[in-house]
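Working notes, structure below.
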Amino acid sequence: MKNGLKRELGKWHGYALMIGGMVGSGIFVVTGEAGAQAGPSVPFGYVVLLPVLLCSALAYLIFMSTPLGNSPGGAYVHISRTFNNYFAGFLFMWFQYIALLGVMAIMAISFGDYLSSVIGAGNTAILATVLLLVFYLLNIVGVKWFGVVQLFMSAVLFIAILVLVVPGVFFIETENFSPMLPNGVSGFIAILPSLFFAYFGFEQLAQAGGEMKNPQKAMPRTMLIGSFATVIIYFLISIVAFGVIPYDQLAQSQSAMFDVASVYLPAGGKWIVMVGIIMAFATTLNSLVMVVSRILFAFAEDRVIPVGIAKVNKRFNTPHIAITINTIIVLGLIWTRTLDYLLNVSLQGMFLMYIGHAIAMIALPFVRPALFQSALIKPKLPLIICCGVFSLSVLVFFSYTLIFSVFKLLLIWSAVGVVIFLFGRIQGKNKQFDYHKQLESAWQQESISQTN
């Protein structure tokens with residue numbers, strides 16, 4: 001690879017990255033908490049959100065099937081190349097970057113909270129730090145080892161889900177689903193934005209474009225299959241949870257799924273589930289350490305942040321500087337312990353990025369027809385517009401419900417991003433970097449090289 005990254009991830013690594021990254025603590029943590037507002041209707045919330053997930057994912061299916069899918073960068077590359085504007089891509093992806101840093105801290109802290117509650121001892125921040133540093137070192141020593149460990153942890157997670165769900169189906173009590181909507185339809189609608197948090201991560205696969213084998217064909221297929229698989233997993237886990245334990249009890253539990261397993265599984269089975277829950281935190285955090293570093297890597301390659309951040313370790317072929325910077329930031333977030341605030345900022349940052357990506361999908365056939373024609377996946381124009389408008393409408397609604405609580409912090413982060421962007425551009429211009437050529441011809445050159 002011209003950027004120093006190596007293509008060492010196969011399709012199964014891709015599934016582990018995507019599904020393992022999505023089926024994390026969201027399903028194990030958010031599900032029980034959502035029951036306080038929506039009652040036992042929570043499982044159906046995951047199903048209701050499926051169209052939003054698929055319409056949002058359609059943009060990635062299209063863009064990843066173009067030559068842009070061969071490089072990391074995800075929505076940043078997609079938006080910047082569609083609108084021929086670095087800043088547009090940077091700003092929307094900057095929101096995702098700060099969101100994912102927050103999610104990394106949330107995963108690590110939640111892991112520490114969960115493990116300390118199970119074993120009855122241990123400092124949350126220390127446990128979170130240890131887990132983060134383990135995955136920091138793993139990601140430094142090579143993407144191949146990242147993939148191997150992610151695949152193993154995802155397999156353990158899947159086994160634990162089977163142990164939880166299969167016998168649990170026979171212990172579901174239908175009376176636990178009455179009343180279905182204890183707080184009415186408004187209570188159900190109110191939990192959808194936070195419930196969508198469990199789907200965050202489907203787009204992470206796009207950041208592996210520089211390290212996946214045959215990414216233009218493999219990544220869209222993996223994302224589509226992985227999305228359906230994740231929805232099925234979420235529905236089954238949550239339907240068992242609310243069917244076994246009444247929603248009001250589940251909402252108060254600090255370890256909801258372990259408590260569910262305790263109802264019908266013997267001691268050994270319960271501990272398998274506990275290990276699976278730990279793997280859920282671990283797979284999510286491991287994937288995020290990898291993914292978030294590739295965002296900085298893509299920024300630096302385009303010289304919109306200091307180019308030194310894109311430096312690749314000659315021995316391990318990993319962007320070690322980017323990985324290190326992110327780890328230091330997340331360690332700071334862990335020790336300041338502002339979990340609730342981080343969750344709202346993360347939700348808002350992801351919504352804004354998805355909004356920008358949906359706009360880019362709608363615009364692509366009109367403003368970059370040549371790039372659109374290079375895609376292996378080219379839906380009909382009415383489908384693109386309908387899916388884009390639907391996704392955009394729902395995401396704007398979700399964003400509106402949360403944005404005022406974190407508006408000041410988002411402005412501060414935006415200002416920080418603008419300063420970093422300007423500094424990177426000044427540095428690039430001083431070194432006579434050809435921004436126009438990079439923006440106009442990157443995907444065309446990739447397409448030509450593939451043809452040859």
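The values are calculated or read from the model by the stated rules, or taken from the named source; none is laboratory data. It should be emphasised that the depicted structure is a prediction, and the values quoted were computed from it without experimental measurement. In this analysis, Cβ positions are derived from the backbone assuming ideal geometry, glycine residues included, and neighbour counts consider all displayed protein chains. SASA here: full protein model, heavy atoms, side chains in, ligands and nucleic acids out. Shrake-Rupley method; radii C 1.70, N 1.55, O 1.52, S 1.80 Å.
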> Where does the Debye-calculated log10 I(q)/I(0) of the chain sit at q = 0.07, 0.08, 0.09, 0.12 Å⁻¹, using only Cα point scatterers of equal weight, no solvent?
Replying inline: -0.33, -0.43, -0.55, -0.99
>> How far apart, in nanometres, would the label points at Phe404 and Phe171 be if each is projected 7 angstrom from Cα along the Cα-to-Cβ direction?
In response: 4.4
>> So in the chain, which Cys have no other cysteine's beta-carbon sitting under 4.7 angstrom from theirs?
In response: Cys386
> With every protein chain present, what accessible area does Trp271 have (1.4 Å probe, heavy atoms only), rounded to the nearest 10 Å²?
Replying inline: 120
> So how exposed is His436, as accessible area in Å² (1.4 Å probe, rounded to 10)?
Replying inline: 130
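For Ile232 and Ile126 in the same chain, what is the full-extension length gain: residue separation times 0.36 nm, less their Cα-Cα distance, in nm? Intermediate results must be reported in sequence, preceding the final value.
Values: separation 106, 0.36 × 106 = 38.16 nm, distance 3.44 nm.
In short, 34.7 nm is gained.
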>> Distance between the C-alpha centers of region 224-250 and region 294-321? Whole Å please.
In response: 38
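Label region 147-206 by shape, choosing from rounded, prolate and oblate, from the square roots a ≥ b ≥ c of the eigenvalues of the Cα gyration tensor; if a/c is under 1.5 it is rounded, and otherwise prolate applies when a/b is larger than b/c, oblate when it is not. Provide the component values of the computation, followed by the final result.
Values: a/c = 5.92, a/b = 1.37, b/c = 4.33.
Judged from the Cα gyration tensor, region 147-206 comes out oblate (a/c at least 1.5, b/c at or above a/b).
Cα gyration tensor of region 341-423, axes a ≥ b ≥ c as square roots of the eigenvalues: rounded (a/c below 1.5), prolate (a/b > b/c) or oblate? Before the final figure, lay out each step's value.
Values: a/c = 3.48, a/b = 1.66, b/c = 2.10.
Note, shape of region 341-423 comes out oblate.
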> Which of the peptides 399-408, 282-291 is most tightly packed, and how do the rest follow, judged by the mean count of other Cβ atoms within 10 Å per residue?
Replying inline: 282-291, 399-408
>> Highest mean first, how do 65-75, 108-118 rank when packing is the count of other Cβ atoms within 10 Å averaged over residues?
In response: 65-75, 108-118
>> Restricting to DSSP H runs of at least four residues, report the calculated mean residue ellipticity at 222 nm for the chain, -39500 (n - 2.57) per run over all residues, nearest 500 deg cm²/dmol.
In response: -25000 deg cm²/dmol
> Residues of region 62-82 with amide nitrogen under 19 Å from the 7 Å Cα-to-Cβ point of Phe433?
Replying inline: 71-82
>> Can you tell me how region 17-144 classifies by the Cα gyration tensor, rounded, prolate or oblate, using a/c under 1.5 as the rounded cut?
In response: oblate
> Which lysines have a Cα less than 22 Å from the Cα of Lys429, not counting those fewer than 8 places away in the same chain?
Replying inline: Lys2, Lys311, Lys437
